1. Based on alpha-carbon atoms only, what is the radius of gyration of the stretch 24-70 relative to the globular estimate 2.2 N^0.38 Å?
2. Positive end of the dipole of the chain, charges at C-beta (+1 Lys, Arg; -1 Asp, Glu), about the Cα centre: which of Met184, Ala61, Leu105 has its Cα farthest in that direction?
3. Roughly how big is the chain's charge dipole about its Cα centre, with Cβ charges of +1 (Lys, Arg) and -1 (Asp, Glu), in debye to the nearest 20?
4. Could you work out the pair-distance distribution P(r) of the stretch 1-89 from its alpha-carbon pairs, with 5 angstrom bin width and percents rounded to whole numbers?
5. May I ask for log10 I(q)/I(0) of the stretch 40-99 at q = 0.26 Å⁻¹, from a Debye sum over the Cα atoms as equal point scatterers with solvent left out?
6. Taking H as built 1.01 Å from N, whose amide H comes closer than 5 Å to the amide H of Val121, not counting residues under 5 places away?
7. Is it possible to state the helix-based mean residue ellipticity at 222 nm for the chain, with each DSSP H run of 4+ residues giving -39500 (n - 2.57), the sum divided by total residues, to the nearest 500 deg cm²/dmol? What is it?
8. So, with +1 on the Cβ of K and R and -1 on the Cβ of D and E, and no other charges, what is the size of the charge dipole of the stretch 1-106 about its Cα centre, to the nearest 20 debye?
Amino acid sequence: MRFLFLRHGESARNAHTGEEPLTQEQGDVLTARGCAQAAAAGEALREQGITRLLTSPMRRATETAAAVGAALDLEPEPLSYAFEYHRGETFEEAIERVHQLKARLEADAAEAGDDELPLLVTHGILTRFFLLDAVIGAAFRAEMYDRIWHLGSANCALTTFKFGEVVEPGGAPPAIGWTCLSWMARPWDPQ
C-alpha cells in the first residue's frame, strides 16, 4: 500500500528573515504563498485517488490540510503524534512517534489493502525521521540528528512511501517493509 506525505505550505516561520524571533503562535500560520501552495497541491492531487486525509495537529499543517481537503472533498483527520520535532523532545521520543505512526499506517494497510491511498499533511522533519527510520532502522541514532538537514525539504512537497514488497528492476532483491518511492516532489508549485 502506498502512503503520501505532504509537507505543509510555507509558514510565517519559514518565510521569516527578521532578527526578532517569532512566537510559536506567530510562526505557525501559512503565508499567502503557503496558502497558494496548499491550494495548488490540492488541485493537482485530485486525480491521484486519495481516499483519506490525515494531518498533524499543528496549525500550519491543519491550514494546508483544509485547503487540500476542500479540493479533494475530504475532511482532515488529525493525528496527535504527527507533529514537528520540538525543543525539549528527545530523539528517542521522536522515534517513538515515528514508530507509532508506522504502526497506525501498517494497521490501516492491513485493514484496507491496496484500495486505499491516504495522504498525511505533516512536517519536513517528521518525514525525514520516517525516511531514515525506514531505510536504516536501528542504525539511525541521536548523534545523526544534525545530518538530517542534508536531506532537502520543500514546502508543500510530496513524498511517497510504500509498505510491503517493492520489486526492483534488474534482478535486485525486493525491498520488504517501508520503501521511499519519491522524495519531496512539487510539480504544482506556483512559485
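Here, each number is a calculation from the coordinates, and none is a lab measurement. Source: prediction; values computed, not measured. For neighbour counting, all protein chains shown are included, and Cβ atoms are generated from backbone atoms with ideal geometry for every residue, glycine included.
1. On the way: Rg = 11.1 Å, N = 47, 2.2 N^0.38 = 9.5 Å.
The reported ratio for this selection is 1.16.
2. Farthest towards the positive end: Met184.
3. Values: 17 positive and 28 negative charges, 74 e Å.
For this selection, approximately 360 debye.
4. 3, 15, 23, 23, 18, 10, 6, 2, 1
5. -1.00
6. Leu6, Leu54, Thr55, Ser56
7. Numbers: 6 runs with 71 residues, N = 191.
When only DSSP H runs of four or more count, the value is -11500 deg cm²/dmol.
8. Working: 12 positive and 17 negative charges, 60 e Å.
Using Cβ point charges on Lys, Arg, Asp and Glu, the stretch 1-106 gives about 280 debye.
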